[in-house]
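Remarks on the structure that follows.
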């Protein structure tokens, strides 16, 4: 039994070393609290949404961008639950700040910075990510190079701030230094007892890439201040939403 225990410990240490080489520090891989994403968090190597790193979100069109902003707002609700502040930097902001209240985020705790040039958005985001007193930094832009994403990742490795990079209709989806890549789609709400009206925000969540983890897709709704998992029907799979001839590159 002792030999088996030594073997398990050696494997655990080896995994930690590999994760450290991949950019996961101990504080990243073992966040103190869950963000309430349910089964999605099991896709991460630590079993929790990775904090203190940069996550990339892809939105090919305005409808997806609106859905992604809602999903990001739900994440911010957990990141800011203890009264933190967030920077929201953009050169094409379409978010309606009072709408954040629906996701439990007080708009006066979000500092909005609107800039004209994407290079200024990247600079401001990098500076914000170096500020350890912030809970999160959201950056909205279209294009970013691998080198520029590395600069963002280096910034969070020191501050442990969580970065959420939202790319609107990017020309290419090349590799970046971000820990994850997501796509969020809006779905019809699940109305209770077939009653008429507008239901709760509902999304199809695709985790396209996750470093050292397992990509997947899920259906979530925002209800009573939290994410709730719903069954993903066959007609809501990627192939059904985007037939092969219409899929984005």
**Item:** Selection within the stretch 100-124 - part of a helix (DSSP H, G or I), under 23 Å from residue 142 (Cβ atoms) and out of contact with any helix residue (DSSP H, G or I) (no Cβ under 8 Å at 6 or more places or on another chain)
**Value:** 118, 119, 120, 121, 123, 124
**One residue from 110, 156, 137, 121 being crowded, with 17+ Cβ neighbours inside 10 Å, without any contact (Cβ under 8 Å) to a residue 40 or more places away in the chain and under 30 Å from residue 221 (Cβ atoms)** = 110
**Complete:** Filtering the stretch 31-64 down to residues that are closer than 15 Å to residue 216 by Cα and not in a loop (DSSP other than H, G, I, E, B) yields 38, 39, 40, 41, 42, 43, 57
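Let's see how each residue does on (1) crowded, with 22+ Cβ neighbours inside 10 Å; (2) in contact with a helix residue (DSSP H, G or I) (Cβ under 8 Å, 6 or more places away or on another chain):
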{"site": "39", "(1), (2)": "no, no"}
{"site": "49", "(1), (2)": "yes, yes"}
{"site": "84", "(1), (2)": "no, yes"}
{"site": "90", "(1), (2)": "no, yes"}
{"site": "93", "(1), (2)": "no, no"}
**Request:** Go through the stretch 209-249 residue by residue and tally those that are at pLDDT 85 or above and assigned to a loop (DSSP other than H, G, I, E, B).
**Result:** 8
**Message:** Looking for something over 22 Å from residue 63 (Cα atoms) and part of a loop (DSSP other than H, G, I, E, B) - is there at least one such residue anywhere in the stretch 137-146?
**Reply:** yes
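Here is a yes/no grid of residues against (1) in contact with a strand residue (DSSP E or B) (Cβ under 7 Å, 6 or more places away or on another chain); (2) closer than 25 Å to residue 66 by Cα; (3) modelled with pLDDT of 95 or more:
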{"position": "132", "(1), (2), (3)": "no, no, no"}
{"position": "136", "(1), (2), (3)": "yes, yes, yes"}
{"position": "139", "(1), (2), (3)": "yes, yes, yes"}
{"position": "152", "(1), (2), (3)": "yes, yes, yes"}
{"position": "164", "(1), (2), (3)": "yes, yes, yes"}
{"position": "171", "(1), (2), (3)": "no, yes, no"}
{"position": "181", "(1), (2), (3)": "yes, yes, yes"}
**Request:** Identify all residues within the stretch 197-214 that are out of contact with any helix residue (DSSP H, G or I) (no Cβ under 7 Å at 6 or more places or on another chain) and either crowded, with 20+ Cβ neighbours inside 10 Å or within 18 Å of residue 53 (Cβ to Cβ) (or both); write none if there are none.
**Result:** 202, 208, 209, 211
**Request:** Report whether or not residue 206 is at pLDDT 95 or above and either over 17 Å from the mean Cα position of the chain (by Cα) or assigned to a loop (DSSP other than H, G, I, E, B) (or both).
**Result:** no
**Message:** For the condition on the phi > 0 side of the Ramachandran plot and either under 17 Å from the mean Cα position of the chain (by Cα) or surrounded by fewer than 20 Cβ atoms within 10 Å (Cβ to Cβ) (or both), what is the one hit in 74, 99, 104?
**Reply:** 104
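The values are calculated or read from the model by the stated rules, or taken from the named source; none is laboratory data. A quick note: this is a predicted structure, and the numbers were derived from the prediction, not measured. Methodologically, a virtual Cβ is constructed for each residue, glycine included, from the backbone with ideal geometry; neighbour enumeration extends over all protein chains shown.
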